[in-house]
C-alpha cells in the first residue's frame, strides 16, 4: 500500500476507536452498557443487525465462494423472511414481556437455572469459536496487502476491536455499526462498478453474464434433493429455516439488538428490515464474485491467489508455464464464444478450456499441500488480491477500510454479547450477594477483554482454513439446532426442566453422531465415524441438516422425559 492508503486506513481506524469510546463517560449502569437503556429506534437496531451479519466473512468469503463455485450459496438465506415472521410472532413478544438482559434468562423462567446455564455455556462456546473466524477474515486481507504472517494481522485486528468494545458498550457498538454498514455497502457497490469498468471494451454487462452462464457460475437454485449436497433449494428452505430461527432468535449476539429496542414494534421493525434486505445483499455479494471470475477470464491471474506458496521447484515452474498458456487459450476461446454465443462448438471449446484451467489450479493446490503439509485454500484471498493489484493508490485504502468496517461491526457485537451472557447469566446470577453497579460495569469490561483474547487465540488456531463463510455456518450448525430445540420446548406443555436439560445433552450427542455418518458409494452402506472422506466414502449429510436434527432431537427427548417424569411423580404421589 502507498502512504495515501495508509493515511486513509489509519484515519478510519482512529475514528472508529474514538466513535466507539466517546460514549464511555456517560455509561453509568449495566443496562446502559449492555442494553443502551432499551432506547434504540427500529432503524438503528436493524442496521446494527445487518452490519453484524454482513461481516468481513460475507464481504471476502462470499465473493470467493462464488468465484470458486457458483451462486448456490444464496439458497441458505431463502428462509430468512419466513424466520423473521415466525420470530416476530413468537420469541420477540416473549422477550419483551420478561424485560430480560439475555435470552437465556427466559429459559430459567420456564425450566430452571441449570437449563439456562447449560444453554448459555453452549452459546459462549459456539460464539467464542465463531469469533475467531470473524477476526480471521479481515486478517487474510491485511496479510496479503502487508505481506506479513497471518498471525500478526489477527492480533492487531482482534486487539483493536476489543479495545473500543470494552469501553463503548452496546451504544458504542450500535453507533459504529450504523456508520460501518453504510461504508461497507458503499464499498461493495464501488467494488462491483470498478470490476465492471475494468472488463475489456468488448465485454459489457450482458456479455459478462454470458461468460458466467457458460461456466455455470450463475447457477443459483438447485431443485435436486440430496441430503449430502450443501446447497440446494431444500437444504436452504428447510434446514436453513432452523439455522436462521436459532441464529436470529436464540443467539445472544443477534437477540441482544432486539432487547435494546425501545418497544416491541421497534424490535419487529428491525427484523423486517433484515427480512427484506438479507437475500438481495447476499445475492449482490455473490454476483461480485461472479464478475471477478469473468474479469480473470480475460485478465492475467496467478495460478493460486494464496500468498507464501511452496518453494519454487521445476515442477512449480512447469505448472505456472502450463497455466499461463491455458489461460491465454481460454481468453481466446472466450472472445470467440462472445462473437458467436449460439454456436455450440465455440461454446464447448470455451467451456473445455475453462475446465482445463480449473483442473490445473486444483492440481497445484494438491501439490502444495503435499509439499508443505499445510492445507491450502485460496478462496479467501481472491478479492484481496484484486484490490491490491487492480486499484490505484487511495482506493486500496478505502476498500481495505470497508472490509475492516465489516469485520469490526461483527467483532464488537460478538464480544459484547459474550460479555453480557458471561456476567448476567453466570456471575451476577450465581452471586449470592448483590454487588454495586460499578462492580458489574468493570466485570463486563473484563469479560469483554477476556473473550477478545479468546477469539484471537481461536483465530490463530484456525490459521488457513476452508472458505470462512462456510466454516462459520458449520461451527454454528453444531450448536444452533439443539439450542433452538430448548426454546421450542417453552411452548410444549409436557416438557419440564429435567426433560429440557437431558434433551439438550442428547440433542448435542445426536448432532455429533449424524455429523459423523458416512455413506460408502460403492456398497451404498451407511456407517458412523469414517476415518476420513475419500472418493468412495462421503459424509451422508451436509452440515445444514444438523440444525433440524438437533432441534427435533431435543424436542423429542424433552417431551419423552417430561412425560415419563410426570407419570413417575403421579405414581409416587
Using only the alpha-carbon atoms, how far is helix 113-146 inclined from the longest principal axis of the chain? Give it as 0 to 90 degrees, nearest 10. 30
Rg to Rh for the range 314-376: what is it, with Cα atoms only and Rh by Kirkwood? 1.14
With Cα coordinates, the longest principal axis of the chain makes an angle with the long axis of helix 42-53, in degrees rounded to 10, of 60
For the chain, alpha-carbon Rg over 2.2 N^0.38 Å: 1.01
Over the chain, calculate the relative contact order: mean separation of alpha carbon pairs under 8 Å at least 6 apart, over the residue count, as a percent. 29
Measure nothing fancy, just the Cα-based angle from helix 80-89's long axis to the longest principal axis of the chain, in degrees from 0 to 90, nearest 10. 10
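Values quoted throughout were computed directly from the atomic coordinates according to the rules given, and no laboratory measurement underlies them. Bear in mind the structure is a predicted one, so any value in this text is a computation, not a measurement.
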